[in-house]
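*Asks:* The structure's right below; bear with me while I get my questions together.
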């Protein structure tokens, strides 16, 4: 059985999540917690083994110049991929951000088809990836 839960009060798991993100993005240095964005989501497998997660951050939008909440990272371990867990993390991330008081969420990604499938709208792209947004309500 696999479950997704909020990382509040789970500091020991945040270190493991950060280490997991660094396996894919070695220069990942963003704080996983903050006052201006929600706590990360954890994907836990049997025996509460960390199988993936999603983290948030804030960054300025280019136009208009305002701070927005972004999905900073989504990762699922290879043995848990192709089972819809990334989609589940993203959808729960949207609900979490909305409950946090955010009316929209942004992501910069190199897997645009996943976000298109989940109803996100592309707002820009460059040679490295695509920026998508999801507006709530």
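*Asks:* Considering the chain as a Gaussian network with a 10 Å cut-off on Cα pairs, which listed residue, 116, 90, 71, attains the greatest mean-square fluctuation?
*Replies:* Ranking 116, 90, 71 by mean-square fluctuation puts 116 first.
*Asks:* Calculate the length of the line joining the C-alpha centroid of the range 1-51 to that of the range 58-133, in whole Å.
*Replies:* That distance is 16 Å.
*Asks:* Compare 52, 93, 119 in a GNM of the chain, Cα atoms joined below 10 Å, and give the one with the largest fluctuation.
*Replies:* 119
*Asks:* Restricting things to alpha carbons, tell me how big the range 75-117 is in terms of Rg and Dmax, in Å.
*Replies:* That works out to 11.5, 34 Å for Rg and Dmax.
*Asks:* One-quarter of the Cα convex hull surface for the range 10-137, in nm²? Walk me through the numbers on the way to the answer.
*Replies:* Working: hull surface 33.2 nm².
Average projection, Cα convex hull of the range 10-137: 8.3 nm².
*Asks:* Among 15, 126, 27, which one moves the most in a GNM of the chain with springs linking Cα atoms closer than 10 Å?
*Replies:* Of the options given, 126 has the highest mean-square fluctuation.
*Asks:* A further question on this structure: At 7 Å along Cα-to-Cβ for each site, give me the label-to-label distance between residue 61 and residue 48 in nm.
*Replies:* 3.9 nm
*Asks:* Another question, if that's okay. Tell me, what is the FRET efficiency for residue 87 and residue 136 to the nearest 0.05, using R0 = 25 angstrom and their Cβ-Cβ distance as r?
*Replies:* Working: r = 17 Å, r/R0 = 0.68.
It comes to 0.90.
*Asks:* Between residue 103 and residue 27, what is the label-point separation in nm under the 7 Å Cα-to-beta-carbon projection?
*Replies:* A separation of 3.5 nm, rounded to one decimal place.
Every read-out reported here was derived from the displayed coordinates using simple, explicitly stated rules and does not represent laboratory data. These numbers were taken from a predicted model, which means no experiment stands behind them. In this analysis, Cβ positions are derived from the backbone assuming ideal geometry, glycine residues included, and neighbour counts consider all displayed protein chains.
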